[in-house]
Amino acid sequence: MCPRGSYCPAGIATPTPCLAGTYGPILGADDATDCKACPLNKICDVAGLAAPLSTCPAGKYCDPDGT
């Protein structure tokens, strides 16, 4: 079963991490469209996240892509 934070296309043995700016909450995802855009005011600045890392710090601006 493909781990959260990645997706496993048919015929590919190694999980592909969701890109930075997204996260992958679905266990067993099989397509890049299963990776979700990082919500506003959350941080998703590395690849392979199962959930956003944290909330944007007070007084700071976080881009909509989560970086």
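Of all residues in the stretch 33-49, which are at pLDDT 95 or above, open to solvent by 40 Å² or more (accessible area, probe 1.4 Å) and either more than 9 Å from the chain's Cα centre (by Cα) or more than 20 Å from D63 (Cβ to Cβ) (or both)? Within the stretch 33-49, just T33 meets the criteria. Among the candidates T16, T55, the residue that is touching a helix residue (DSSP H, G or I) at 6+ places or on another chain (Cβ under 8 Å), of a type in the set (S, T, N, Q) and either loosely packed, with under 13 Cβ neighbours inside 10 Å or free of Cβ contacts under 8 Å to residues at least 40 places away in the same chain (or both) is uniquely T16.
The values are calculated or read from the model by the stated rules, or taken from the named source; none is laboratory data. On a predicted model such as this, the values are computed, not experimentally measured, just so you know. So basically every Cβ, Gly included, is an ideal-geometry build from the backbone, and we count neighbours across all protein chains shown. Ligands, DNA and RNA are stripped out before the accessible areas are found, and what is left, the full protein with its side chains, is counted by its heavy atoms. Shrake-Rupley method; radii C 1.70, N 1.55, O 1.52, S 1.80 Å.
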